[in-house]
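These notes are about the structure you will find just below.
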Amino acid sequence: ALAAHLDALLSDPFLARRMGAEGRRRFESGYTRTSMVQETLHVWEEAVRAPTSVAREPTRTFTWESITDVALLEPLAHDWAALLGRDRFFVGPDWVLAWLETRREDSTPHGLVGRDGAGDLAAVLPLARNRAGTLSLPGGGHGADHLDIAAPPAHVLVAARSALAHLGGESWSRLRLPHLAEDAALRV
């Protein structure tokens, strides 16, 4: 699978340059020594300020829409990226859209887009559907890890539960979720 993806990059210099430039931009904007130290300090400061009791999960409702065309996901990229912290690359639009654009021929996008009561983007569950009706996360189990639903940390659990409940009302044969992070919200 890795060889096939590398071959696809070699045969599409535009995509390779775009992904390379985006990787450099992401590194320079969030993974320099200075930014990583600042982010670590921020996490520790938040932990110190956090209440000692377990907070209740926030109440939030979502309206879900199934999207089966990559072109309809692309305009959401900016807001989608804003839902995530810098450490959630594999559930963000850069990686997911590139994967969906170069996916295997036997699969089609099947993303769930969750909106809040105001109609703003609140969560994205990017999935692919194969001919047999199996839904899976981008990558199809071929190497990507730490996959999960894309939602702000404060709402990720409730978003995952809501998305999975919405999927229960759709027609598909199997839900395959390999490579979830140990603490993935989709493990609920």
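When T102, T68 are screened for being more than 28 Å from S35 (Cβ to Cβ), surrounded by 12 or more Cβ atoms within 10 Å (Cβ to Cβ) and modelled with pLDDT under 85, only T102 passes. Going by the structure shown, is A154 of a type in the set (A, V, I, L, M), at pLDDT 80 or above and surrounded by fewer than 21 Cβ atoms within 10 Å (Cβ to Cβ)? Yes: the conditions hold for A154.
Report yes if some residue within segment 28-35 is touching a Leu at 6+ places or on another chain (Cβ under 9 Å) and either modelled with pLDDT under 80 or surrounded by 10 or more Cβ atoms within 10 Å (Cβ to Cβ) (or both); otherwise report no. Scanning segment 28-35 turns up no residue that is touching a Leu at 6+ places or on another chain (Cβ under 9 Å) and either modelled with pLDDT under 80 or surrounded by 10 or more Cβ atoms within 10 Å (Cβ to Cβ) (or both).
The selection criterion, being part of a strand (DSSP E or B), touching a Leu at 6+ places or on another chain (Cβ under 8 Å) and at pLDDT 80 or above, does not hold for L76. Exactly one residue among E45, E57 is assigned to a helix (DSSP H, G or I), modelled with pLDDT under 85 and surrounded by fewer than 13 Cβ atoms within 10 Å (Cβ to Cβ), and that residue is E45.
Only one residue in A132, A118, A82 is open to solvent by 30 Å² or more (accessible area, probe 1.4 Å), closer than 27 Å to A4 by Cβ and at pLDDT 85 or above. Which one? Unique residue meeting the criteria: A132.
The values are calculated or read from the model by the stated rules, or taken from the named source; none is laboratory data. In this text, all values refer to a predicted model and were calculated from it rather than measured experimentally. Reconstructed Cβ throughout: ideal geometry from the backbone, glycine too, with neighbour counts over all protein chains shown. Side chains included, ligands, DNA and RNA excluded: accessible areas come from the protein's heavy atoms. Shrake-Rupley method; radii C 1.70, N 1.55, O 1.52, S 1.80 Å.
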